[in-house]
1. Given just the C-alpha atoms of the stretch 32-189, how large is their convex hull per residue in cubic angstrom?
2. So which trypsin sites (Lys or Arg not before Pro) in the stretch 129-202 end up in coil per DSSP with only 12 or fewer other C-beta atoms within 10 Å?
3. Suppose R0 equals 45 Å. What FRET efficiency, 1/(1 + (r/R0)^6) with r the Cβ-Cβ distance, do ASP73 and ARG94 give to the nearest 0.05?
4. From largest accessible area down, sort TYR152, TYR328; use a 1.4 Å probe on the protein chains.
5. If the chain were replaced by its equivalent ellipsoid, with semi-axes equal to the square roots of 5 times the Cα gyration tensor eigenvalues, what would those be, largest first, whole Å?
6. Amide H of THR72 versus every other amide H placed in the peptide plane: which residues, excluding those fewer than 5 positions away on the same chain, fall under 5 Å?
7. Which three numbers, in whole Å and largest first, are the semi-axes of the equivalent ellipsoid of the stretch 20-99 derived from its Cα gyration tensor as √(5λ)?
8. Taking 0.36 nm per intervening residue step and subtracting the Cα-Cα distance, what contour gain separates ARG160 from THR84 on full extension?
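The values are calculated or read from the model by the stated rules, or taken from the named source; none is laboratory data. Keep in mind that what you see is a predicted model, and the values were worked out from it rather than measured. Cβ coordinates were reconstructed from backbone atoms using ideal geometry, including for glycine residues, and neighbour counts include every protein chain displayed. Remember, those area values only see protein heavy atoms, side chains included, never the ligands or the DNA or RNA. Shrake-Rupley method; radii C 1.70, N 1.55, O 1.52, S 1.80 Å.
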Amino acid sequence: MPTDPVPTHPTPTGSVPTDTAPTDPAMSVGESGEDAVLSVILEELGDLRSAATDLAALTLAPGDDAAVLELTDDGAPARIVLTTDTLSQDQDFRPSWWAQQDQGAAMGRAVGLKAAAQNLSDLNAMAATPVALLVSLTLPESTALDWVRGFYRGLAEAVRREGAEHCRIAGGDLGSGPGVSVTLTAVGRLPAGRAPLVRTGARPGDQLAVSGPLGAAGAGLALLEAGHPCDSAELARLRDAQIAPAPQLTTGAQALAAGATAGMDLSDGLLRDAGRIARASAVRVRLDEDALNHQAAALLPAAAALGLTPAEARAQTLRWVAAGGEDYELLASFPAEAALPEGFLKVGEILEPGSDADGAREVVLTGAIDDQGWDSLRRR
Ligand SMILES: Nc1ncnc2c1ncn2[C@@H]1O[C@H](COP(=O)(O)OP(=O)(O)OP(=O)(O)O)[C@@H](O)[C@H]1O
Ligand SMILES: Cc1ncc(C[n+]2csc(CCOP(=O)(O)O)c2C)c(N)n1
Ligand SMILES: [Mg+2]
């Protein structure tokens, strides 16, 4: 008999984007963007993403940071949490960000840390505990063995961090290709009795908060792309947030314990990802511009290093905070009266759908910002 007293989470379709798939068959993925491509995929999957079999049931289907798979058993059913993420050369990192002599072990370590961060962060966003990683490596034949050594040292470093100590490397696959591409699959587990943290539960009146300051990875990306040497501790911190992120991996469980109603990790930028919580929860989000500007001020040294004028710097630092992406902080909603977990920063509130002059906009931010966040597929 199942011993889990907590209902295992929303209906399988609960967090699937509501956009309808584009109907023009000639449209490319670059023209339609990530959300539309995902709609096509989910429509095509039909009940393959939800229907239970005798052996297993997806109690949380594609649409959230990870899926929850319940394995049917004579005893208590076990729930595992599954997610996968790819890093590709020139899309997610560039060899030229490292000096020639660092393109072996040092670059390998950073890519390992980032690949682990992406995936472990998605498990954290479900409040799941990482237990295993599978590692698929596509490598150009010229890749130095030292790169591979460095990569596995990066992975090892990541799984020794607080929150990931139970994670083992379960295997993988090797292949050859024109550029480095790394795909990790991460498996987590949910403790008996713990419901996952999902995107669907935000309610009007909730506070919206992040687990730490945003924008460092975006600022780091701008410094790297400008070829800046990052020759101060502050600039090196921003660069490292981009090339070798080290997300906190206990914030999902902390958020749940504090009463979080919804949560996800921030990979594509606050504006875009807040829109995903809004859509999944059928609410809207108001972001607090003062709170975001306060976070943006911490990034002014990067703007100065890039030679921006004070006005440009104000706009650019806000763009890094609101739309930079790759921060891997947790974005979560909490009841208005809840005390936020230590280190969390309030960034806004949840609104009724369509309840004010801003009409149907999912994410409301006073003061325009000309960047909506990251889309991996849309042509730039
Ligand atoms: N090729 C695919 N086939 C089926 N489902 C997919 C596919 N790509 C993404 N999904 C599902 O769509 C949802 C959103 O995917 P996405 O990669 O944007 O995850 P995310 O958590 O929003 O982003 P990140 O992994 O960067 O944190 C996830 O539930 C994912 O499993
Ligand atoms: C060379 C280079 N160009 C751009 C970026 C920025 N970038 C890449 S993926 C991503 C969002 C998360 O992606 P996903 O949803 O796939 O996890 C962002 C902001 C980078 N890191 N390197
Ligand atoms: Mg995610």
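1. Numbers: hull volume 21.1 nm³, N = 158.
Normalising the Cα hull of the stretch 32-189 by residue number yields 133 Å³.
2. Numbers: sites: ARG149, ARG153, ARG160, ARG161, ARG168, ARG189, ARG194, ARG199; in loops: ARG160, ARG161, ARG194, ARG199.
When the trypsin sites (Lys or Arg not before Pro) of the stretch 129-202 are filtered for loop state and at most 12 Cβ neighbours within 10 Å, ARG160 remain.
3. Working: r = 46 Å, r/R0 = 1.03.
Computed FRET efficiency for ASP73 and ARG94 comes out at 0.45.
4. Details: TYR152 85, TYR328 15 Å².
The ordering from most to least exposed comes out as TYR152, TYR328.
5. On the way: eigenvalues 186, 154, 84 Å².
The three semi-axes for the chain are 30, 28, 21 Å.
6. Those lying under 5 Å, H to H, from THR72 are ALA56, ALA57.
7. Values: eigenvalues 206, 102, 11 Å².
Equivalent ellipsoid semi-axes, largest first: 32, 23, 7 Å.
8. Values: separation 76, 0.36 × 76 = 27.36 nm, distance 1.97 nm.
That pair, ARG160 and THR84, stretches by 25.4 nm at full extension.
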